[in-house]
1. With +1 on the Cβ of every Lys and Arg and -1 on the Cβ of every Asp and Glu, and nothing else charged, how large is the dipole of the chain about its Cα centre, in debye rounded to the nearest 20?
2. Where does region 162-300 land on the Kirkwood hydrodynamic radius, alpha-carbon pairs, in angstrom?
3. Angle between the Cα long axis of helix 326-342 and the longest principal axis of the chain, 0 to 90 degrees, nearest 10?
4. How many percent of the accessible area of the chain is carbon or sulfur, using a 1.4 Å probe?
5. Any chance you could run the full-extension gain for Asp221 through Leu148? It's 0.36 nm times the residue separation minus the Cα-Cα distance, nm to one decimal.
6. Kindly state, as a whole number, the per residue volume in cubic angstrom of the convex hull around the alpha carbon atoms of region 1-158.
7. Given the chain, what percent of its DSSP beta bridges are antiparallel, to the nearest 5?
8. Counting only C-alpha contacts under 8 Å and six or more residues apart, can you give the relative contact order of region 142-206 as a whole percent?
Amino acid sequence: MQQQSTQQLDSIHTLLIFGGGSSEHEISQISANFIKSNLDTLPNVHVSMVEITQSGWIINGNSECYLDIHSQELVTDTLRKHVDYVIPCIHGYPGETGDIQSLLELAKIPYLGCGPQASTLSFNKISSKLWYDALGVANTPYLFISELNQDNVAKAHEAFSKWGGLFVKAACQGSSVGCYPVTKGSDIEHAIEQAFGYSDQVLIEKMIKPREIELAAYELDGELKVSFPGEVKAPSDTFYSYDEKYSADSHSTTDIRAQDITEQQVQLMQSYTRTVFKQMKLKDLSRVDFFLTEEGDVYLNEVNTFPGMTPISMFPKMLEANGDSFPEFLNSAIVSAVKSTTK
Ligand SMILES: Nc1ncnc2c1ncn2[C@@H]1O[C@H](COP(=O)(O)OP(=O)(O)O)[C@@H](O)[C@H]1O
Ligand SMILES: [Mg+2]
């Protein structure tokens with residue numbers, strides 16, 4: 001038994017899964033290429049990259065494959081290979097939603113990142129806020145609706161009169177898809193209708209003019225580490241939309257260390273991040289996004305359980321700026337998980 005675990009640690013077959021077919025499919029491919037280049041620096045890790053497409057799981061760009069959850073093997077036309085570890089590098093469905101993690105739990109294969117429950121709770125913009133409220137973590141004022149009817153539209157109009165503007169969001173989407181800023185009362189119903197086109201529930205938030213602050217939270221050698229806040233600056237008249245996040249001509253800029261932020265605000269964000277990470281049982285990594293309002297209030301906006309890792313993404317940079325190495329972080333997560341399954 002001892003010999004088997006040593007062998008496995010010498011050559012850990014890691015399945016790097018990306019894609020998923022959601023609006024974030026292509027971003028996840030870019031993130032996966034970044035992770036692959038880091039894994040390639042680890043001599044004990046051997047990687048197979050698999051893309052989840054609408055028509056199936058694809059290896060090496062063209063052959064079909066699947067994961068045999070009984071034998072824990074990756075199966076192609078020509079080979080069966082035991083999988084020691086999985087990195088579900090998928091933003092949105094079926095990664096951050098918790099679906100693939102449920103499959104991996106059934107298969108009893110260790111993986112990077114949060115488990116199914118923490119993923120699902122964090123991904124749903126309503127269930128996450130119920131948790132933040134219960135934990136005393138401040139977040140943007142909101143209401144939520146589960147049906148498009150006249151009573152609920154009336155509630156949204158009331159909220160609009162109170163708050164002066166709304167941000168309407170589909171409960172289960174990411175990358176700013178299904179998010180609608182509303183500045184005119186006459187647009188409320190249409191925004192809600194559109195958001196229901198993406199999810200069964202809709203979150204309606206107070207519109208604010210926030211600074212967008214992000215923190216990296218990650219576990220290294222069993223210790224939870226929380227970075228200094230970084231900042232994303234979208235051009236002043238827009239929100240941080242899908243195009244701003246990812247397009248080649250995005251005008252957004254980033255500060256790995258946010259400027260003009262008080263010690264007290266930094267501490268509050270770090271302490272909220274720790275509370276949520278520990279209480280909601282997040283695992284390995286998450287990017288925790290905050291709003292800092294013009295009045296200086298700190299609101300936790302959302303937790304991204306598998307943050308983007310494109311060249312302009314903040315998570316790996318904040319981890320490095322915090323004094324740690326991204327490949328070492330991956331190595332520590334992989335080796336400790338594989339060790340504990342071969343004990
Ligand atoms: N209540 C709000 N007021 C003003 N802008 C908002 C509000 N909520 C979200 N935004 C803007 O929309 C972007 C996307 O919203 P977010 O809740 O982060 O959803 P996603 O999961 O799609 O990233 C945010 O980064 C921010 O720019
Ligand atoms: Mg966001």
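1. Details: 25 positive and 44 negative charges, 136 e Å.
About 660 debye.
2. Every distinct Cα pair counted, the radius reaches 16.5 Å.
3. Approximately 60 degrees, to the nearest 10.
4. On the chain, the fraction of accessible area on carbon and sulfur atoms equals 48 percent.
5. 21.5 nm
6. Numbers: hull volume 27.3 nm³, N = 158.
Hull volume over Cα atoms, normalised by residue count, gives 173 Å³.
7. Values: 50 of 64 bridges.
The antiparallel fraction comes to roughly 80 percent.
8. 48 percent.
The values are calculated or read from the model by the stated rules, or taken from the named source; none is laboratory data. Everything numeric here is computed off the predicted structure, so don't read it as measured data. Note that each Cβ is placed from the backbone with ideal geometry, even for glycine, and that neighbours are counted across all protein chains shown. The accessibility values were calculated without ligands, DNA or RNA, using every heavy atom of the protein model including side chains. Shrake-Rupley method; radii C 1.70, N 1.55, O 1.52, S 1.80 Å.
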